[in-house]
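Note sheet for the following structure.
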Amino acid sequence: HTTLTVGLADEAATLAFGEALASRLVPGMTVFLEGDLGAGKTTLTRGILRGFGHAGRVKSPTYALVESYELPQLAVHHFDLYRFADPEEWVDAGFRDLFDAGSLALIEWPEKALALLPAPDLTLTLHPDGPGRQATLTAHTERGLPCLNPY
Ligand code: ADP
Ligand code: MG
């Protein structure tokens, strides 16, 4: 695997990194967002959505499990699977259908539903680093590799 580590000094840096990352994300990709509660996964998602031109709110889908954004270039499905417990719900809720060639999936807590998810193109792990964060990116597919170019 190929990895890249990026330092994120504050929340603004996380948002700016997300915006820069957006230009390397394409429809059909699956991105796993890993890290503890409060690591900055939702903040990063907010930056990515801004990068795609989304000007509105980005709310954490902790209870809904997924929030979808229909943007001009693509659909973005932002999952937070922290509370996901029932595999039967996956098909019943139509989640399976959200993984298609025109959609980008950003998934917080993928470990809660690993057997149900497609293999990721990119894993992004956030760690505390003093008052800031460190992001480690790992590409698993050809599609994920451009995300590792310097920022
Ligand atoms: P998660 O979705 O991983 O639970 P959130 O993004 O909801 O985390 O919240 C993370 C918290 O950390 C927010 O208060 C946010 O302002 C803050 N934060 C995000 N990125 C950074 C950073 N690079 N340095 C310091 N604080 C950050
Ligand atoms: Mg979150």
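Just so you know, all these numbers are worked out from the coordinates, no wet-lab data involved. The model shown is predicted, which means the values in this text are computed figures rather than measured ones. Backbone-built Cβ (ideal geometry, glycine too); neighbour counts: all protein chains shown.
Structural remarks
- Whether the chain is rounded, prolate or oblate, judged on the alpha carbon gyration tensor where a/c under 1.5 counts as rounded: rounded
- Spin-label zone in the range 103-128 - amide nitrogen under 18 Å from a point set 7 Å from the Cα of Val91 along the C-beta vector: 113-118
- Cα shape, the range 40-101, gyration tensor, a/c 1.5 rule: oblate
- For the peptides 85-92, 59-66, residues were scored by their other Cβ atoms within 10 Å and the scores averaged per peptide; the highest-first order is 59-66, 85-92.
- Only helices enter the 222 nm calculation for the chain: every DSSP H run of n ≥ 4 contributes -39,500 (n - 2.57), and dividing by all residues gives -5500 deg cm²/dmol, rounded to 500.
- Gain on full extension, evaluated as 0.36 nm per residue between Leu4 and Asp36 minus their Cα-Cα distance, stands at 9.6 nm.
- Between 0 and 90 degrees, the angle of helix 11-22 with respect to the longest Cα principal axis of the chain falls at about 70 degrees.
- Each pair of Cα atoms in the range 5-45 enters the Kirkwood radius, and Stokes-Einstein at 4 °C and 1.567 mPa s then converts it into a translational diffusion coefficient of 117 µm²/s.
- Principal-axis analysis of the Cα atoms of the chain puts helix 41-51 at an angle of about 80° to the longest axis.
- For the range 1-71: rounded, prolate or oblate by the Cα gyration tensor [a/c cutoff 1.5]: rounded
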